[in-house]
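Read-outs throughout are calculated quantities, based only on the coordinates presented, and are distinct from any laboratory measurement. Keep in mind that what you see is a predicted model, and the values were worked out from it rather than measured. Ideal geometry is used to build each Cβ from the backbone, glycine not excepted, and the neighbour counts take in all protein chains shown.
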Amino acid sequence: MELNVRDLSVSLGGASIVNKISLQVQEKKFVGLLGPNGCGKSTLLKSIYKVIKPDEGQVHLSGTDLLKSSPKAVSQLMGVVGQFNDLSFDFTVREMVMMGRTPHKKLLDADNAADFRIVDEAIRKVGLEAYSSRSYLSLSGGEKQRVILARALAQQPQFLVLDEPTNHLDVKYQLQILNIVRSLNIGVLAALHDLSLAAKYCDYLYLIKKGKVAARGEPKEVLTRERIADVFEVECEIYDIPVTGGLGIAYLASK
Ligand code: ADP
Ligand code: MG
């Protein structure tokens, strides 16, 4: 599936937050959305997954016009891991992950053997087998994040939208989550806050500044000293990581 966003604009409370952003995620590519806090990443993602209605623009997932499709139709194609995942009611981990099956069911359909198998597999993939019966609200931020990813996996989506999926995680689980996501071999659009991880995992990056695309391209093209200084207001050195390759970023000071 290929995501195409064209000239998307969103204003909130009278302020322009997303300003004519166009972006594309080609078949099976992992695309990162980078930019400082408040630049509009979550707002852009929410208007893609239909929580916010944009003022103008178009969003297509291959042949499907997402802005004109029902939430259920969209959730059959697209899995979402949002930035904040608080709940008012408590569920067990297993119940939370089972909710990922909802888009594929009719009203009052019972959970069947295939659903249980898919849910078990999703829980296993994020390493939470021992937590299946635990209450979701009792989990740490990082564990909750892995449950939400498992729920998205149980949805068996053909495309994933992630909003800072590694936010609360220590480094082992940051790598685990991004490895799992990569191994799915489906298109991914992810807002990420860690530039080195973005460089390591993403095929292509969009750098957002004040609701507009400031730069786009492969990580090496986008993550330059000058751009990072301009967009994030920090001085840094960029270097090639010895032996394993990849892009290293050493921060020096804020500007
Ligand atoms: P990011 O995810 O890049 O940190 P957000 O998309 O969450 O940024 O927010 C972009 C801007 O939109 C911020 O300045 C935020 O305060 C503002 N904003 C978000 N939601 C609303 C709202 N409901 N009303 C007014 N402003 C909002
Ligand atoms: Mg955000």
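Quick notes
- Think of the chain as a dipole: +1 on every Lys or Arg Cβ, -1 on every Asp or Glu Cβ, centred on the Cα centre; then among Ala122, Gly217, Met98, Met98 lies furthest on the positive end.
- Phi to ³J(HN,Hα) by Karplus 6.51 cos²θ - 1.76 cosθ + 1.60 over the range 152-160, Hz, x for Gly, Pro: 5, 5, 5, 6, 6, x, 9, 7, 10
- Residues of the range 51-77 with amide N under 18 Å of the 7 Å Cα→Cβ point at Gln156: 72-77
- Were the residues from Leu87 through Lys105 laid out at 0.36 nm apart, the gain over their Cα-Cα distance would be 4.2 nm.
- Rounded to the nearest 500, the helix-only mean residue ellipticity at 222 nm of the chain stands at -9000 deg cm²/dmol, with each DSSP H run of n ≥ 4 adding -39,500 (n - 2.57).
- In plain terms, the chain from Glu27 to Glu2 could stretch by 8.5 nm, reckoned as 0.36 nm per residue minus the Cα-Cα distance.
- Nearest-20 debye value, the chain charge dipole, Cβ charges on Lys, Arg, Asp, Glu: 420 debye
- Kirkwood analysis of the Cα pair distances in the chain returns a hydrodynamic radius of 19.0 Å.
- Simple rule: put +1 on each Lys or Arg Cβ and -1 on each Asp or Glu Cβ in the chain, find the dipole, and look at Ser183, Gly246, Thr166; the Cα lying farthest toward the positive end is Ser183.
- The orientation-averaged projection of the convex hull spanning the C-alpha atoms of the range 126-209 amounts to 6.0 square nanometres.
- Using a Gaussian network model of the chain in which every pair of alpha carbons under 10 angstrom is joined by a spring, one finds that among Gly142, Gly13, Gly245 the greatest mean-square fluctuation is at Gly13.
- Segment Ala253..Ser183, full-extension length gain: 21.7 nm, with 0.36 nm per residue of separation and the alpha-carbon distance subtracted.
- Within the straight-line cut-off of under 14 Å between alpha carbons, the aspartates and glutamates reachable from Lys29 are Glu2, Asp203, Glu218, sequence neighbours fewer than 8 places apart in one chain being disregarded.
- Asn19-Ser133 pseudo-label distance in nm [points 7 Å out on the Cα-to-Cβ vector]: 5.6 nm
- Approximating the spin labels as points 7 Å out from Cα along Cα→Cβ, the Lys212-to-Thr244 distance works out to 3.7 nm.
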